[in-house]
Every structure is written in C-alpha cells, then in structure tokens.
Amino acid sequence: MAEGNTRAPVRLEGKYGAMLVCWVLGNGCLFSWNSMLTIQDYYVALFPKYHPSRVLTLIYQPFALGTLALLAYNEAKINTRKRNLFGYTLFFITTFIVLVLDLATSGKGGLGCFIGICVISGAFGVADAHVQGGMIGDLSFMLPEFLQSFLAGLAASGALTSSLRLITKAAFDNSQDGLRKGAILFFAVSTLFELLCVLLYAFVFPKLPIVKYYRAKAASEGSKTVASDLAAAGVYKQGPETKNEHDPQQVERLNNKELLLQNIDYAIDLFLIYALTLSIFPGFLSEDTGSHSLGSWYALVLIAMYNLWDLIGRYIPLIKCLKLESRKGLMVVILLRSLFVPAFYFTAKYGDQGWMIMLTSFLGLTNGHLTVCVLICAPKAYKGPEQNALGNLLVLFLLGGIFAGVTLDWLWLIDKGW
C-alpha cells in the first residue's frame, strides 16, 4: 500500500490549497440559504402578508434539525463522501429550482408560489444538515486551520451574498421590476457557485496529500466513514489480513452519550450563541427596526454589517492572545450576550440608525468569534472517529439553538400587537 500509508506528508503538502477549498466549501454550505435570506426585500414585497423573513427560517430549521439528529445518531455508519456530495448536490438543484419557479410564475407571487418557496426552504434545511454536520465532523480530525477556514467560509457566504445583493439592488433599483431582476441574477450566480462546490468536493479536496494523510490516519484509528473518500483519492484501505481487529486502540471509542457528557458545556455554549443571534437576526433586523433615512436600503445594510463582522470575528481566534480557550470564560461571555436583547429593543425604539448598525456589527463579531473558539477547542484530545462524532453532536446543538432562536424571534411581534 505505497500510497495508503499514514506517514505525515512532507511539509504538509496541500495545506494552503486545502484551506482555500475548505473556505469555498464553507461558503457553499450556506450560500443558497443566505441568498434566500438576503433577498428578503424582494420576498417582503412579493408576499407582504406572510412574514417571509420569519416563516422561511422557521420552516428551514425543523428540517435541518431533524435530519441532523438522524445523521448524528448513525454517524459512525454513514459514508461521509456520499453524505456531503448529496448535500451539495441538493443545494445546487434546489437553488436552480428557485430560479425556475420565479421565471415560471413571472414573479407574480401568490399563495402557491409562496408554498413552493417554503418547500425549497425545507430542502435547504435537509441539505444543510448533510453538509454542515458532515464537513465539521470530517474536518474535526484534521488541522484546526481547516475547520477555522470552513467556519470562516460559512460567514463569508453571508458577507458575499450581502455584497452581491447591494450591487444588484444598486444596478436595478431604478429600472422597471428592479427588485425581481436583481433577485434573478442573484440566484443564477448562487446556482453556479453551488455547482462549483460539488465539483471541488468530488474531484479536488479528497486528492490533496494532507487530506489523504488525515483521513488515512482516522481510518487507522477505526473510522469507517472515510473509506469512500480514501478510495476516491486512490488510497486503499488497510486489508483485514494486516489489521488487528482486537487492537483496543483501533476498535474502542467513546459512544455519543459519553462524548456529549464530557462536552456538555460546549454544546450548551453553541446552543446559547445561536438562540440569541437568531432571535434577532434576520427577522427583527428585517421588519422591526422602524423607518430611517436609508429607506429600503436599511435592512440590507444591517444584514450586510452583521455578515461582515461575523466573518471578521471568525478570524480573530487566529490571534492567539484573543482566542478564548477557558471553558468557564466562554460560558461567562456567552451568557453576557443576553444583554443584546434589551439593547436591541431600546435602540429600535429610541436610537438612530448609527447605533443600530453598531449594535448589529457587534452581534455579528461576537457570534463569529465565539463559534470558532468553541468548535476548535472542543475536539482536542480525542481520536479521529470520536472527533467526527463530536463535531456532528456540536452542530446538532448549534442547529437546535438556531431553531430556538427563530421561534423566539416571533416574540418581537407581541410588541407590535400581532
């Protein structure tokens, strides 16, 4: 097995190429969904009675959470390559269907079209569960820089889609049916980007030397989820004649319950981070911030600022002195984020747009920074199969927090008498 040995690759060949691919794949994990979130101004105009910014998110999350719960429970038996390729392919197909649906209905809206958009939102949730849990689990037993790059890519998808939306709005705002033309261009670009992710994951990522090394290492520690990726890279699994099936180092691993109990604080951290963030973003920022001089640009600017600072926050842990590694310290900072709720409430009522933009930026900054700190610190000191399983469990709690957040987001409407 000349190619399939587990020696560390010389100078870790392909490290920076792998980081770039991880960044692009992180983008692809949320690019379609962020596309739908970022054109909320179009959907609010198209479906004014249905609260699309809240309803679409509320539909997306149960599908994501339920699918990931099943995948996390059966994680050790699931082919990671098929799982991730299914997720990225589903993103590509459903994003293309959004485009076709709008063209087929000539952008006239209506209940039938809204139901179609809701079905697509649910499909996005299923795809996200496959890709986000699969990729974070897979990258958890590789270099921390790979996971950081993937998480930065998740945030970059929001920043890129917001930037693209601002450009399309500026280009088409004064033309007839400008909102629709911008949205169509937006989803055309998104469809092509998802196709790029399918090709990168299928043909480029598994063949990078450093990726082959870490997957072969995980296989030597008993992981069964990487076999297809190793085969696609031309690395053949160690045969039964040379593998000691009774070697406790290869066959023994902590089960999901034991892993969760040892890392319950990290799981709660992620739940609280996203419950708080999604109780404010994007629903509150899209509908409940009042009228200001920026007019129809206001919600887009707020979402863009959140996404930009979320991206910046995910790079801060690369500065060692700013990386939070204390488990107690993380919990304290995350609990302090609850102060954002009264801060946003009073700023929306009494503050001007400058204060709201600053507050939204800080929300994004803390969200990105804390997410990376938790997900990078948690998998340390475990074997490959355990790191993969723990990555899936932590993403499950992350999505649980998102679902709780989008549900709590509806409470802002109480103040409006709805």
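Along the charge dipole of the chain, pointing to its positive end and built from +1/-1 on Cβ of Lys, Arg, Asp and Glu, which listed residue (284, 142, 132) has its Cα farthest out?
Looking along the dipole axis, the top candidate is 142.
Suppose a student asked you for the relative contact order of the chain, using Cα pairs under 8 Å spaced at least 6 residues apart; what percent would you report?
Relative contact order, the chain: 28 percent.
Once neighbouring chains are kept in place and the probe is 1.4 Å, which whole percent of the accessible area of the chain is contributed by carbon and sulfur?
That fraction is 68 percent.
So what is the relative contact order for region 322-418, in percent, with contacts set as C-alpha pairs under 8 Å and at least six apart?
Details: 23 pairs, mean separation 25.4, N = 97.
Relative contact order of region 322-418: 26 percent.
Can you sort 357, 120 by solvent-accessible area, 1.4 Å probe, largest first?
Most to least solvent-accessible, the answer reads 357, 120.
Among all helices in the chain defined by DSSP H, which have a length of 18 Å or more along the axis from Cα atoms plus a Kyte-Doolittle mean of at least 0.0?
Helices passing the filter in the chain: 15-38, 52-73, 80-104, 111-139, 144-172, 178-199, 264-278, 298-313, 353-377, 384-408.
How much length, in nm to one decimal, is gained on full extension between residue 93 and residue 74, taken as 0.36 nm per residue of separation minus their Cα-Cα distance?
4.3 nm
On average, how much accessible surface per residue is there in the chain, in Å², for a 1.4 Å probe, leaving out ligands, DNA and RNA?
Numbers: 17520 Å² over 418 residues.
Averaged over the residues of the chain, the accessible area is 42 Å².
Going through the cross-link list 15/224; 257/320; 82/169; 108/169; 15/320; 82/217, which pairs have a Cα-Cα distance over 29 Å in this structure? Can you show the working numbers first?
On the way: 15/224 24 Å; 257/320 32 Å; 82/169 38 Å; 108/169 19 Å; 15/320 20 Å; 82/217 20 Å.
The pairs that break the limit, which is 29 Å between Cα atoms, are 257/320; 82/169.
I need the peptides 204-214, 13-23, 334-344 ranked by packing, meaning the mean over residues of other C-beta atoms within 10 angstrom, with the highest value on top. Don't jump to the answer; show the numbers that get you there.
On the way: 204-214: 20.6, 13-23: 18.5, 334-344: 15.4.
Top of the packing list down: 204-214, 13-23, 334-344.
Could you sort 129-139, 91-101 so that the peptide with the highest average Cβ count within 10 Å comes first and the rest follow in order?
Numbers: 129-139: 27.8, 91-101: 20.5.
The most tightly packed comes first, giving 129-139, 91-101.
Which of the lysines could a cross-linker bridge to residue 349, judged by Cα under 18 Å and excluding same-chain residues fewer than eight apart?
Residue 349 reaches 416.
Give the calculated FRET efficiency between residue 411 and residue 203 to the nearest 0.05, with a Förster radius of 56 Å applied to their Cβ-Cβ distance.
The value I calculate is 0.75.
Rolling a 1.4 angstrom probe over the protein chains, ignoring ligands and nucleic acids, what is the accessible area of residue 325 in square angstrom, nearest 10?
Number for this one is 80 Å².
The values are calculated or read from the model by the stated rules, or taken from the named source; none is laboratory data. Treat the numbers as computed from the prediction; the structure is a model and nothing was measured. No Cβ is skipped: glycine too gets one built from the backbone with ideal geometry, and neighbour counts run over all protein chains shown. Side chains included, ligands, DNA and RNA excluded: accessible areas come from the protein's heavy atoms. Shrake-Rupley method; radii C 1.70, N 1.55, O 1.52, S 1.80 Å.
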